[in-house]
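The values are calculated or read from the model by the stated rules, or taken from the named source; none is laboratory data. As the structure is a prediction and not an experimental result, all values here were calculated from the model. Cβ atoms come from the backbone with ideal geometry, glycine included; neighbour counts cover every protein chain shown.
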Amino acid sequence: MCISMNAADERSLEAIRQKIFPFLRASWATLQTNKGAPRFIILDECETLTDAAQLSLQTILDRDPSDVCVILICNSQSRIHPKLRQRLLRIRYDPPATSRLSPQHPLEDKSAFHEMTRGDLRCESRRPETEQRLWFYLNAHPEEIRPFLETAHVDMHTILTEILLLMNLLYILDESILTLINHALPLATTGLFPNKMMDLVETILTSLKVKFEGRNAPPS
């Protein structure tokens, strides 16, 4: 009942003719459970479609929306042909306003998560888990780090990326940490030498915690 295409990869009129129109011509009479439900056409990055391909969608928009629902996703509305724009309901998503993290209260700043994810709306569903890990990186006891890494529900590449972004936002990233991350990333990507990788990530997290606590320590 749904077809999706990434128009950045399939941007020609021929791609529309070969995939979209056969989908619309197919009979769904045997799908009794979906009787009366519309079919969905989702085109991501549709601004990359050629003008001819975009204009070919007009015939689809002429159909009853209870039969076919067309969803176009783009980064720039100005690149959608005016004849399409005037016939569509436009819903704009802007990334939230962001600001640098406060070193004293880094995770109390509501923009912290959006700074880490660059305002990517697709990351919202994982927000609670991500914020919990960020809190752990800064507040965990050293003895808790290894068990956390051994039972983490995300891959080591994700953890290393989050550590890198967090340290950069807190202005505590230095060459020694970058060197350790550069050694750990290939191991995380290939899955080779898991014990060595765990040792490196544990060292990185310990260094992060020491640098963060040292930065926020009251002057003597």
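Yes or no: region 128-140 includes at least one residue that is of a type in the set (Phe, Trp, Tyr) and either surrounded by 14 or more Cβ atoms within 10 Å (Cβ to Cβ) or touching a residue at least 60 places away in the same chain (Cβ under 8 Å) (or both). It would help to see each step written out before you state the result.
Taking region 128-140 first, the residues of a type in the set (Phe, Trp, Tyr) are 135-137.
Still in the running and either surrounded by 14 or more Cβ atoms within 10 Å (Cβ to Cβ) or touching a residue at least 60 places away in the same chain (Cβ under 8 Å) (or both): 136-137.
Scanning region 128-140 turns up at least one residue that is of a type in the set (Phe, Trp, Tyr) and either surrounded by 14 or more Cβ atoms within 10 Å (Cβ to Cβ) or touching a residue at least 60 places away in the same chain (Cβ under 8 Å) (or both).
Just checking, which of SER56, SER4, SER27, SER12 is surrounded by 11 or more Cβ atoms within 10 Å (Cβ to Cβ), at pLDDT below 85, hydroxyl-bearing (Ser, Thr, Tyr) and on the phi < 0 side of the Ramachandran plot?
On the way: SER56 fails: at pLDDT below 85; SER4 fails: at pLDDT below 85; SER27 fails: surrounded by 11 or more Cβ atoms within 10 Å (Cβ to Cβ).
Among SER56, SER4, SER27, SER12, only SER12 is surrounded by 11 or more Cβ atoms within 10 Å (Cβ to Cβ), at pLDDT below 85, hydroxyl-bearing (Ser, Thr, Tyr) and on the phi < 0 side of the Ramachandran plot.
Has region 167-180 got any residue that is surrounded by fewer than 17 Cβ atoms within 10 Å (Cβ to Cβ) and closer than 25 Å to ASP94 by Cα?
Within region 167-180, one or more residues are surrounded by fewer than 17 Cβ atoms within 10 Å (Cβ to Cβ) and closer than 25 Å to ASP94 by Cα.
Among (1) at pLDDT 90 or above; (2) in a loop (DSSP other than H, G, I, E, B), which single condition is MET198 missing?
Just one mismatch for MET198, condition (2).
Considering region 195-208 alone, what residues qualify as being surrounded by 13 or more Cβ atoms within 10 Å (Cβ to Cβ), out of contact with any Ser or Thr (no Cβ under 8 Å at 6 or more places or on another chain) and not charged (D, E, K, R)? Give the derivation first.
Start the filter on region 195-208 by keeping residues that are surrounded by 13 or more Cβ atoms within 10 Å (Cβ to Cβ), which leaves 197-208.
Now narrow it down to the ones that are out of contact with any Ser or Thr (no Cβ under 8 Å at 6 or more places or on another chain): 197-206, 208.
Result: MET197, MET198, LEU200, VAL201, THR203, ILE204, LEU205, THR206, LEU208.
Just to be sure I understand the filter: pairs with C-beta atoms under 9 Å, separated by 6 or more residues or on different chains, first member in region 41-55 and free of Cβ contacts under 8 Å to residues at least 60 places away in the same chain and more than 12 Å from ASN6 (Cβ to Cβ), second member crowded, with 19+ Cβ neighbours inside 10 Å and among the basic types (Lys, Arg). Which pairs pass?
Hits for this filter: THR50/ARG11; ALA53/ARG11.
Where residues in region 181-194 are loosely packed, with under 12 Cβ neighbours inside 10 Å and part of a loop (DSSP other than H, G, I, E, B), which of them is nearest to the chain's Cα centre (by Cα)?
Only one residue tops the list, namely GLY191.
Filter region 72-96 down to the residues that are charged (D, E, K, R) and more than 14 Å from ASP51 (Cα to Cα), then identify the one that is modelled with the lowest pLDDT. Steps first, please.
Taking region 72-96 as the starting set, the residues that turn out to be charged (D, E, K, R) are 79, 83, 85, 87, 90, 92, 94.
Next cut, more than 14 Å from ASP51 (Cα to Cα) only: 87, 90, 92, 94.
Values: ARG87: 89, ARG90: 87, ARG92: 83, ASP94: 70.
Among residues in region 72-96 that are charged (D, E, K, R) and more than 14 Å from ASP51 (Cα to Cα), the one modelled with the lowest pLDDT is ASP94.
Output the number of the condition that ASP44 fails; it satisfies all remaining conditions of (1) in contact with a Cys (Cβ under 9 Å, 6 or more places away or on another chain); (2) under 30 Å from LEU169 (Cβ atoms); (3) at pLDDT below 70; (4) not polar (S, T, N, Q).
The single condition ASP44 does not satisfy is (3).
Can you work out which of the residues in region 97-148 that are modelled with pLDDT of 70 or more and polar (S, T, N, Q) is farthest from ILE73 (Cα to Cα)?
The qualifying residue farthest from ILE73 (Cα to Cα) is ASN139.
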